[in-house]
Amino acid sequence: MDSIAQLRKNYTFGQLSETEVPENPLPLFQLWFDQAIKVQCPEPNSMTLATADKAGNPSARIVLLKAQIRMASLFLPIMKVKKVKI
């Protein structure tokens, strides 16, 4: 290997513009999730959850999707991050 850059994988499989986002995003999420499983993406239920505080400062953490109940999702945070409160 000549460069660390050669380790980079291309994860771009398509595009989504703001005008294409449906009013209810859950079917779109289900489509993406099913596609990730089909191509054997490692840990397709892991994702980044980002929020912002009242001042607009962003914060992101890795979470695991553990269940989908009707129109909601249950996320399990990685237990070693600062935002986890039990």
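Read the figures in this text as sums done on the coordinates, not as results from a lab. Since this is a predicted model, take the numbers as computed values, not measurements. Please note: Cβ atoms are built from the backbone with ideal geometry, for glycine as well, and neighbour counts cover all protein chains shown.
Tabulated data
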{"quantity": "Cβ crowding within 10 Å averaged over residues, with 59-67, 17-25 ranked highest first", "calculated": "59-67, 17-25"}
{"quantity": "Nearest-0.05 FRET efficiency for Leu26 and Ser59, computed from C-beta distance (R0 25 Å)", "calculated": "0.60"}
